[in-house]
Amino acid sequence: MYVNVAILKETQSHERRVALMPSVIPKLIKLGAKLHMQAGAGDAIKLGDAAYPNVEFFADRRELVKDADVVLGVNAPALEVIDAMKAGAILISFIYEHQDPAVVHRLLERKITCFAMERVPRITRAQSMDALSSQSALAGYYAVQLGSTALARILPKITTAAGAIGPAHVLVMGLGVAGLEAVATAHRLGAVVEGYDVRAETAEQVESLGATFVSTGIDATGKGGYARELTPEEKTKVTVVLTQHIQKSDLLITTAAIPGKASPKLISKKQVAGMKAGAVIVDLSAEGGGNCEDTVPGATIRLGQVTLLAPLNVPSLLGEDASELYAQNQYHLLELIMKDNIISIDWTDEVLAKTCLTHAGKLTQEPPKPAKPTAKAA
Ligand SMILES: NC(=O)c1ccc[n+]([C@@H]2O[C@H](COP(=O)([O-])OP(=O)(O)OC[C@H]3O[C@@H](n4cnc5c(N)ncnc54)[C@H](O)[C@@H]3O)[C@@H](O)[C@H]2O)c1
């Protein structure tokens, strides 16, 4: 007995990640997987097909998925891929159902059981499957690298015979997974780092990383550990305090997000106009419209003497490491649904019930009813 697992090549422009890395192959085989992959799936991170032992390659993605029990991807697949999958097969990838209702519609029509990676609950037991966190951590690290190369100055203090320079001041706004990684990275590189978030609990976290928390006296901790939206009065109070910190920073990294909403605007045009000459802003929230009023998602712009970078799909810029962590996340999820070389889904498992988006032609807001295990005879 074995489970047919198929891994797609990503097709979105600027996407370099791939859902399978060679290090995960032995572990998947041990779970009972027979591996199939689209030819060239690892090309964007310079992993040719030969780097994947014990995997059968297919040039045509419809041929690849037609007998698959499980299909793995990073982004939601093309509709023609879903159409080619067999009814009852499992798809595991990021879906973001509100961004692409046509995909969800087709998953329902084709009776695909879809586990959407962005739905993995943020609970301790599911940390190893949490791709939002693994990818955000890399983005936070890379924001500092991008910002520091756009600066015309260094981050640490150095002393030379000619005199001493630095250190640079870095302010990170939004202290979720990406923000805390940015704080840690900038601190390691020798900058003087400040962090700000509307959730007061982040003060201790940022201080444990050697940075200072910017306190505004407002706590906007909302449901499930995420932030809530601020009231207009709270926004005014916060702006007054933050302006001073924004305008003394050399590098400003913003990562603020509220689930299901556009990115909150934290930096106004007026605040940018008062920033130091040569300062750099890296807006990691460009996907949700950005945290700066001036942000142009995907573009780098000059605003007077300030440079504003708003890169999209930052984890993909570190495609090799992002793929490694993502493939491990998917492996840990597969560990929950593959037992003794067959698929066996325990719908009473909170992680599976919450991660599942569609099952048997229905949207699974509630845990779906138990289904019979499916398997393929050898
Ligand atoms: N227990 C777990 O396994 C686990 C794993 C990952 C994340 N989490 C928690 O999930 C939560 C969300 O993490 P995330 O990285 O997805 O965050 P996110 O991407 O949703 O948001 C990034 C940060 O922006 C902040 N923010 C929102 N509005 C803001 C504003 N107006 N000004 C300043 N900051 C603002 C948020 O508080 C958050 O810290 C956090 O509490 C995190 O600790 C828990």
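The values are calculated or read from the model by the stated rules, or taken from the named source; none is laboratory data. None of the values given here were measured: they were computed from a predicted structure. So basically every Cβ, Gly included, is an ideal-geometry build from the backbone, and we count neighbours across all protein chains shown. Side chains included, ligands, DNA and RNA excluded: accessible areas come from the protein's heavy atoms. Shrake-Rupley method; radii C 1.70, N 1.55, O 1.52, S 1.80 Å.
Overview of values
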{"read-out": "Which listed pairs, of K27/K362; K34/K66; K248/K270; K265/K354; K111/K223; K111/K354, have C-alpha distances above 26 Å, in listed order", "value": "K27/K362; K265/K354; K111/K223"}
{"read-out": "Of M37, M173, M275, the one that fluctuates the most in a GNM where the chain has Cα springs shorter than 10 Å", "value": "M275"}
{"read-out": "Rounded accessible area per residue of the chain, 1.4 Å, Å²", "value": "45"}
{"read-out": "Estimated [θ] at 222 nm from DSSP helical runs (n ≥ 4, -39500 (n - 2.57)) normalised by residues in the chain, nearest 500", "value": "-9000 deg cm²/dmol"}
{"read-out": "Contour minus Cα-Cα distance for D346 and I218 (0.36 nm per residue)", "value": "41.9 nm"}
{"read-out": "Global geometry of the range 235-302, whether rounded, prolate or oblate, following the gyration tensor of its Cα atoms and the 1.5 cut on a/c", "value": "oblate"}
{"read-out": "Local electrostatic count, A139, Cβ distance below 13 Å [Lys/Arg +1, Asp/Glu -1]", "value": "-3"}
{"read-out": "Exposed-loop-free span, longest in the chain, where GluC sites (Glu not before Pro) count as exposed if DSSP calls them loop and at most 14 other C-beta atoms lie within 10 Å", "value": "1-200"}
{"read-out": "Inter-label distance, nm, simple model (7 Å from Cα along the C-beta direction), E118/K30", "value": "3.3"}
